[in-house]
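The values are calculated or read from the model by the stated rules, or taken from the named source; none is laboratory data. The structure displayed is predicted, hence computed values, not measured ones. Every residue, glycine among them, receives a Cβ derived from its backbone with ideal geometry; neighbour counts consider all protein chains shown. Quick note on the areas: whole protein, heavy atoms, side chains included, nothing else; ligands and nucleic acids left out. Shrake-Rupley method; radii C 1.70, N 1.55, O 1.52, S 1.80 Å.
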There are 2 protein chains.
Amino acid sequence: MSSKGRIQDTTLSNLIMSADDAAALIPSGATVGMSGFTGSGYPKSVPLALAKRIEAAHAAGNPFKIKVWSGASTGPELDGALAKADAIEFRLPYNSDPVARDKINKGQMDYFDIHLSQVAPLVWEGFLGNLDIALIEVSGITAEGALIPSSSIGNNKTWLDRADKIILEVNRWQSEALNGMHDIYYGTALPPHRVPIPLVRPDDRIGQPHFRVDREKIIGIVETDAPDRNAPFSPPDDVAKAIAGHLLEFFAHEVKMGRLTKNLLPLQSGVGNVTNAVLAGLIDAPYENLTSFTEVIQDGMLDMLDAGKLRMASATAFSLSPEAAERLNNEAERYRHKLILRPQEISNHPELVRRLGCIAMNGLIEADIYGNVNSTHVMGSRIQNGIGGSGDFARNAYLSIFMTHSTAKKGAISAIVPQASHVDHITQDVHVIVTEQGLADLRGLSPKQRAKVIIANCAHPAYRPMLEDYYARALKTAYGLHAPNILSEALSWHQRYVETGSMLVK
Amino acid sequence: MSSKGRIQDTTLSNLIMSADDAAALIPSGATVGMSGFTGSGYPKSVPLALAKRIEAAHAAGNPFKIKVWSGASTGPELDGALAKADAIEFRLPYNSDPVARDKINKGQMDYFDIHLSQVAPLVWEGFLGNLDIALIEVSGITAEGALIPSSSIGNNKTWLDRADKIILEVNRWQSEALNGMHDIYYGTALPPHRVPIPLVRPDDRIGQPHFRVDREKIIGIVETDAPDRNAPFSPPDDVAKAIAGHLLEFFAHEVKMGRLTKNLLPLQSGVGNVTNAVLAGLIDAPYENLTSFTEVIQDGMLDMLDAGKLRMASATAFSLSPEAAERLNNEAERYRHKLILRPQEISNHPELVRRLGCIAMNGLIEADIYGNVNSTHVMGSRIQNGIGGSGDFARNAYLSIFMTHSTAKKGAISAIVPQASHVDHITQDVHVIVTEQGLADLRGLSPKQRAKVIIANCAHPAYRPMLEDYYARALKTAYGLHAPNILSEALSWHQRYVETGSMLVK
């Protein structure tokens, strides 16, 4: 199909321009709301051109930086290129780009990660300042001038509504079959005018398939033909399979105890190897008619749909391997009515997560013996990615599960530590922790009861005696014995890692 | 009025018994769901009798312990007496009793504090085990056998519905004018059957005034005439007034910027001196037609109602001084239609807090330079009270504000520290921190930007140079410069306090 076919509204054709010309419309100091979520649906052409422009400005001795807002992570053509050009003054609400991460951790770029459901409300409330420009990838423009979303929704509705000016990238690489898969809810408001969100099943469509847009605000349209940052899928390793095994055993136990049914409840899952192992395990497990209410649709979910295990999935974005993306595009008609993409304000909304009773499955960097979880900061100071939607889901979930390998860096780091060096999920929001060693069911346990089961079930044998020793001594000497600690040692494992390269005592 | 008049359903009169006889119906090992929230509406007679019974059992060498669930804090006749008798094996979801606190911190009693909105769902989900007995104070029983709630609702609806057996205390000390003030919502369900909660204004009544009860489950009724744990009101000191002054200035600024209107938004406030200073300040401020959607109705709110500033208040309990309690009882007709008491699952529901856009105002024990807040654990290990509803409100509020004196223990403890020794509210959930020194508006700031404004605006001058020094050195040496720390010093202030009695270097 020709690119022209993607822009059905011919009155907009005078706005079609090159990426360089569009990038020239973005001034230094601008706050730019970009599309993009987990490497899908982000603009791929104008950010590259802008990075070039900014590099040239810097070479000429002229300062030039912008503030970048997005849905979540984007791709190397956006965060990577702009970070490399030292073009980003401030970034929110999520980043996973390695170049940007390095700049942030060198103190060269300000970044604030935010609960993904809260970005749009914070912007509407006026708490984050003015949005100058929206730069949004779409998969097409209808004859009536409405925008057909791309492979992610993210905050695009809010960026389009709030920005002073709009630049569009129309990407013909995206499947035309995406049209109709989206559900854009226009019922949000500022308090005191908010009303209940009328969604009671993951399947419910409560909005419309296309974005509204004020065409007076559009200042440029760039045609592209570029793939998303689709990363190859690596099959689950033995550790991931062991974690999945423990979790599936737990589900079976919960069904037996009458706390879950054979339909389970809507699944939310982070992206990655461990999650894919869980999803693969669910294909062979005796559950039926499952649903997913989550942030991201990944390979494993397509497999579950194919296997007839998953009835439907609701998310705000795809995050697929190249093979799965091709499968989706080739058989879009078959998948289309089983997949819904929503604004991240809705896909992650606390009201909906609690109402639907999601089973939240997320990863972690470290958990402490009392069940506090660090998802973001390596050694308490170095940001990995960001909190993302994990807080939206974990606090409001029916079951809040965190999964991890029990060690990292070939055993040099224990995922179970005396005290978390940073906290993203407080112990109250952590129901279950799973490692390849085993599963800790923390529901209804006091801190000391938690410590025993976490150390016994989740810690790696190389670290278990060290944790037992720490805990036993804390019980004798702590200021308070509700959650006993040893203040001089609580963060000493992290310090040892920084100093020696290992948390193990050599 | 005679106590008989409080029990209109005469078919229940054969169940009236002494507190000792009722206490004899509670076996060792039982899980007992008690009424009570912030010292109001808790059973006052049977727990005392039970404590006597358990003390006698212990004296005879017989083990006897129970598990105690409640709404929130109760009074000395309940938590105090049972803790003193070593009668409590496990306690949830909140405690502020000094005797119980001491037992917990000596490691003699297991305790787990839970987000107050989540207690009822966790019980219905079956995650906390069976509830054997409900022990509930009511203010009366109607001719049809429905229960007229007392001065708090808490989890009473859930305890009555879930318990195998029920013991009632009918307290004629409670005003008869409470009748009609309550709104018990019976629309909750387990997923996948949950539906939107049909409340869009703090004023909305969505339930019924009385509890349903299965009379077959009632095994005893005890008549009492005993006051709530109403504590004397201490007028705000200069520090509290300074904090209130900073906050009122901030509100004025937000109105000027168009981010708040003259009606503000529904106020949530923790209990205490500082909050009462804020409420007192609001009486003289140019706001009108205010509302409150909160946990607890305290003295300052009655004053605001009297002053015509507050239109109405919604909560789950009263927490009044003896004088204010008398005022409420004497003029109940005037107050009745402006006050609504709801189950804590509803008063604190994330869905409603986010929809209504509450302004959340809570206290803290310490905050770190990045804005992580510790509300519960002194020196990271010794529990003070519990997280209560602060997490329900802070994460979902329109504005999340934390207030504190900048020091405690006559300056020996700084409320602003390098790293929080325990985290209840992650930095993302903390918009504003206020001390008598000033106000830090953290919205949209990166960690390093936060550190600068918290140290400059909130820290006490005695600690500010120490914080500046720590932060400056962290910036040079930390593993990552996103949220720079010094692992060997991050908790050293706490350690110094434990060892020397002061966080200051001597």
TODO: Look at residue B:500 and say whether it is without any contact (Cβ under 8 Å) to a residue 12 or more places away in the chain and away from chain A (no Cβ under 12 Å).
DONE: yes
- [ ] Consider residue A:292 carefully, then state whether it is surrounded by 22 or more Cβ atoms within 10 Å (Cβ to Cβ), touching a strand residue (DSSP E or B) at 6+ places or on another chain (Cβ under 7 Å) and within 30 Å of residue B:123 (Cα to Cα).
- [x] yes
Open item on the list: Considering only residues that are assigned to a loop (DSSP other than H, G, I, E, B), touching a strand residue (DSSP E or B) at 6+ places or on another chain (Cβ under 8 Å) and more than 7 Å from every other protein chain (Cβ to nearest Cβ), which ones fall in segment B:448-491?
Closed with: B:459, B:460, B:462, B:463
Open item on the list: Take residue B:428 and tell me if it is within 14 Å of another protein chain (Cβ to nearest Cβ) and modelled with pLDDT of 95 or more.
Closed with: yes
TODO: Test residue A:459 against the criterion of being among the small types (Gly, Ala, Ser) and crowded, with 23+ Cβ neighbours inside 10 Å, and give yes or no.
DONE: yes
- [ ] Would you mind telling me which numbered condition in (1) open to solvent by 10 Å² or more (accessible area, probe 1.4 Å); (2) away from every other protein chain (no Cβ under 14 Å); (3) part of a helix (DSSP H, G or I); (4) closer than 26 Å to residue B:443 by Cβ residue B:286 fails?
- [x] (3)
- [ ] Among the residues of segment B:1-51, count how many are farther than 19 Å from residue B:95 by Cβ, open to solvent by less than 10 Å² (accessible area, probe 1.4 Å) and touching a residue at least 40 places away in the same chain (Cβ under 8 Å).
- [x] 4
Open item on the list: Among the residues of segment A:31-38, are any in a helix (DSSP H, G or I) and aliphatic (A, V, I, L, M)?
Closed with: no
Task: Residues (surrounded by fewer than 18 Cβ atoms within 10 Å (Cβ to Cβ) and over 29 Å from residue B:135 (Cβ atoms)) located in segment B:201-213 - done: B:201, B:203, B:204
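Output the residue which, of all residues in segment A:253-279 that are aliphatic (A, V, I, L, M) and open to solvent by 50 Å² or more (accessible area, probe 1.4 Å), is nearest to the other protein chains (Cβ to nearest Cβ). Before the answer, list the steps.
Taking segment A:253-279 and keeping what is aliphatic (A, V, I, L, M), we get A:255, A:257, A:260, A:264-265, A:267, A:271, A:274, A:277-279.
Filter once more, keeping what is open to solvent by 50 Å² or more (accessible area, probe 1.4 Å): A:257, A:271.
Working: A:257: 7, A:271: 20 Å.
That would be A:257.
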Open item on the list: What's the total number of residues in segment B:134-154 that are more than 12 Å from residue B:70 (Cα to Cα), crowded, with 22+ Cβ neighbours inside 10 Å and polar (S, T, N, Q)?
Closed with: 3
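Sort through A:345, A:323 and tell me the only one that's charged (D, E, K, R), under 17 Å from the mean Cα position of the chain (by Cα) and open to solvent by 10 Å² or more (accessible area, probe 1.4 Å). Break it down stepwise before answering.
Working: A:323 fails: under 17 Å from the mean Cα position of the chain (by Cα).
Matching residue, one of A:345, A:323: A:345.
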- [ ] Count, please, the residues in segment B:397-425 that happen to be polar (S, T, N, Q), open to solvent by 10 Å² or more (accessible area, probe 1.4 Å) and within 12 Å of another protein chain (Cβ to nearest Cβ).
- [x] 1
Open item on the list: For segment B:471-491, which positions are free of Cβ contacts under 8 Å to residues at least 60 places away in the same chain and touching a Ser or Thr at 6+ places or on another chain (Cβ under 9 Å)?
Closed with: B:474, B:478, B:479, B:480, B:481, B:482, B:484, B:487, B:488
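Can you pull out every residue in segment A:290-302 that is part of a helix (DSSP H, G or I) and in contact with a Lys or Arg (Cβ under 8 Å, 6 or more places away or on another chain)?
So in segment A:290-302, the residues part of a helix (DSSP H, G or I) come out as A:299-302.
A:302 - this is the single residue of segment A:290-302 that is part of a helix (DSSP H, G or I) and in contact with a Lys or Arg (Cβ under 8 Å, 6 or more places away or on another chain).
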Open item on the list: Can you find a residue that is buried (at least 18 other Cβ atoms within 10 Å of the Cβ), of a type in the set (Val, Ile, Thr), away from chain A (no Cβ under 14 Å) and farther than 28 Å from residue B:132 by Cβ anywhere in segment B:169-181?
Closed with: no
TODO: Identify all residues within segment B:214-236 that are surrounded by 19 or more Cβ atoms within 10 Å (Cβ to Cβ) and in a loop (DSSP other than H, G, I, E, B); write none if there are none.
DONE: B:228, B:229, B:230, B:236
Open item on the list: Report every pair of residues separated by at least 6 positions or lying on different chains whose Cβ atoms are under 6 Å apart, first residue within segment B:303-316 and in a strand (DSSP E or B), second β-branched (Val, Ile, Thr).
Closed with: B:311/B:291; B:312/B:291; B:313/B:297; B:314/B:340; B:315/B:294; B:315/B:296; B:315/B:297
Open item on the list: Condition first: closer than 29 Å to residue B:497 by Cα and either part of a loop (DSSP other than H, G, I, E, B) or of a type in the set (S, T, N, Q) (or both). Now tell me which residues in segment A:492-503 satisfy that.
Closed with: A:492, A:495, A:503
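Could you list all residues from segment B:1-37 that are more than 15 Å from residue B:221 (Cα to Cα) and modelled with pLDDT of 95 or more? Spell out the reasoning first.
Pass one, segment B:1-37, residues more than 15 Å from residue B:221 (Cα to Cα): B:1-2, B:27-33, B:36-37.
Across segment B:1-37, the qualifying residues are B:27, B:28, B:29, B:30, B:31, B:32, B:33, B:36, B:37.
Do you know which of the residues in segment A:432-442 that are open to solvent by 20 Å² or more (accessible area, probe 1.4 Å) and touching an Asp or Glu at 6+ places or on another chain (Cβ under 9 Å) is nearest to the other protein chains (Cβ to nearest Cβ)? Reasoning before the result, please.
Just the residues of segment A:432-442 that are open to solvent by 20 Å² or more (accessible area, probe 1.4 Å), to begin with: A:436-437, A:439, A:441.
If we keep only those that are touching an Asp or Glu at 6+ places or on another chain (Cβ under 9 Å) as well, we get A:436, A:439.
Working: A:436: 25, A:439: 15 Å.
Restricting to residues being open to solvent by 20 Å² or more (accessible area, probe 1.4 Å) and touching an Asp or Glu at 6+ places or on another chain (Cβ under 9 Å), the top hit is A:439.
Just to check your reading of the model, which residue among B:255, B:239, B:274 is in a helix (DSSP H, G or I) and within 17 Å of residue B:291 (Cα to Cα)? Spell out how you get there, then give the answer.
Values: B:239 fails: within 17 Å of residue B:291 (Cα to Cα); B:274 fails: within 17 Å of residue B:291 (Cα to Cα).
Unique residue meeting the criteria: B:255.
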Task: Test: residue B:192 is out of contact with any Asp or Glu (no Cβ under 7 Å at 6 or more places or on another chain), more than 30 Å from residue A:293 (Cβ to Cβ) and open to solvent by 10 Å² or more (accessible area, probe 1.4 Å) - done: no
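At least 3 residues that are within 14 Å of chain A (Cβ to nearest Cβ), touching a helix residue (DSSP H, G or I) at 6+ places or on another chain (Cβ under 8 Å) and open to solvent by less than 10 Å² (accessible area, probe 1.4 Å) in each: list the helices (runs of 4 or more DSSP H) lying fully within segment B:52-133 that qualify.
Working: elements: B:81-84, B:98-105, B:119-124.
It comes to B:119-124.
Check every one of the strands (runs of 3 or more DSSP E) wholly within segment A:324-370 and list those with 3 or more residues that are more than 14 Å from chain B (Cβ to nearest Cβ) and either among the aromatic types (Phe, Trp, Tyr) or on the phi < 0 side of the Ramachandran plot (or both).
Numbers: elements: A:339-341, A:359-363, A:366-368.
Those strands (runs of 3 or more DSSP E) span A:339-341, A:359-363.
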Task: Among the candidates B:332, B:315, B:307, residue that is within 16 Å of the chain's Cα centre (by Cα), small (Gly, Ala, Ser) and more than 30 Å from residue B:407 (Cβ to Cβ) - done: B:315
